[in-house]
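Have a look at the structure below before the remarks.
The values are calculated or read from the model by the stated rules, or taken from the named source; none is laboratory data. Quick caveat, the model's predicted, so the values are computed rather than measured. Using ideal geometry, Cβ is built from the backbone for each residue, glycine included, and neighbour counts are taken over all protein chains shown.
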């Protein structure tokens, strides 16, 4: 093996190691999002997002732009800084990640399953249920730190319990729709709820055929 071939192999190994490190850092950021969200820690959640104006939070309530948009959504209950409150529970399981880092190591895309249980105090009791969906996200490296540039949460269902962990006398109207009436998003959200045929867009090509997927 020549010196040039050895140097090329070393560079390849270094590039592969960098990608593995980037993927692990992105996983940590995304998992931290889930744990902070579980406790409705608004400021900690917002600090995971990139600082630029093209930052986007896309959830069932709509699209919210920039860090201020992220804060507007998570502070929609009126508090400036929200943390775990009595009766609130939001389990966020983020599963089966596929993460692709751009060749320049400055951006990445990731897809996760999201599944969990939720209980949220409302004016006449506690609203509870299961939720399920897919995250299709974008990440960017700012000042050496990976941050969320776009979080796309495509919720497929939110199913209230018939009987759950909240006492029946504390449960709210089962027809309650959990979205603050005065929340004004910056854009619409796609129709993802069952029985919709919507498929959350894939950021990656087919890993075998290398073709674009056909969900559009």
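Observations on the structure shown:
- Top-ranked residue in the stretch 35-49 [being in contact with a helix residue (DSSP H, G or I) (Cβ under 8 Å, 6 or more places away or on another chain) and assigned to a loop (DSSP other than H, G, I, E, B); ranked as modelled with the highest pLDDT]: 48
- Considering residues of the stretch 109-120 that are within 16 Å of residue 158 (Cα to Cα) and surrounded by 17 or more Cβ atoms within 10 Å (Cβ to Cβ) only, the residue modelled with the lowest pLDDT: 120
- Taking every residue in the stretch 163-186 that is at pLDDT 70 or above and pairing it with any residue that is assigned to a loop (DSSP other than H, G, I, E, B), at least 6 positions away or on another chain, the pairs with Cβ-Cβ distances below 7 Å are 172/124; 173/124; 183/61; 183/76; 185/61.
- Candidates 86, 103, filtered to the one that is at pLDDT below 80 and surrounded by fewer than 16 Cβ atoms within 10 Å (Cβ to Cβ): 86
- Residue within the stretch 123-138 that is in contact (Cβ under 8 Å) with a residue 40 or more places away in the chain, surrounded by fewer than 18 Cβ atoms within 10 Å (Cβ to Cβ) and under 20 Å from the mean Cα position of the chain (by Cα) present: no
- Against the numbered list (1) closer than 23 Å to residue 86 by Cβ; (2) assigned to a loop (DSSP other than H, G, I, E, B); (3) at pLDDT 85 or above, residue 192 comes up short only at (1).
The rows are residues; the columns are (1) under 23 Å from residue 115 (Cβ atoms); (2) modelled with pLDDT of 85 or more; (3) part of a strand (DSSP E or B).
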position	(1), (2), (3)
20	no, yes, no
23	yes, yes, no
33	yes, yes, no
52	no, yes, no
57	yes, yes, yes
69	no, yes, no
80	no, no, no
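- Here the condition is being under 18 Å from residue 111 (Cα atoms) and either buried (at least 16 other Cβ atoms within 10 Å of the Cβ) or in contact (Cβ under 8 Å) with a residue 12 or more places away in the chain (or both); of 25, 44, 38, it holds for 25 alone.
- Count of residues meeting criterion [under 12 Å from residue 26 (Cβ atoms) and part of a strand (DSSP E or B)] in the stretch 86-132: 12
- So residue 52, is it farther than 30 Å from residue 86 by Cβ, surrounded by 12 or more Cβ atoms within 10 Å (Cβ to Cβ) and without any contact (Cβ under 8 Å) to a residue 40 or more places away in the chain: no
- Condition check for residue 53: more than 30 Å from residue 184 (Cα to Cα) and in contact with a helix residue (DSSP H, G or I) (Cβ under 9 Å, 6 or more places away or on another chain): no
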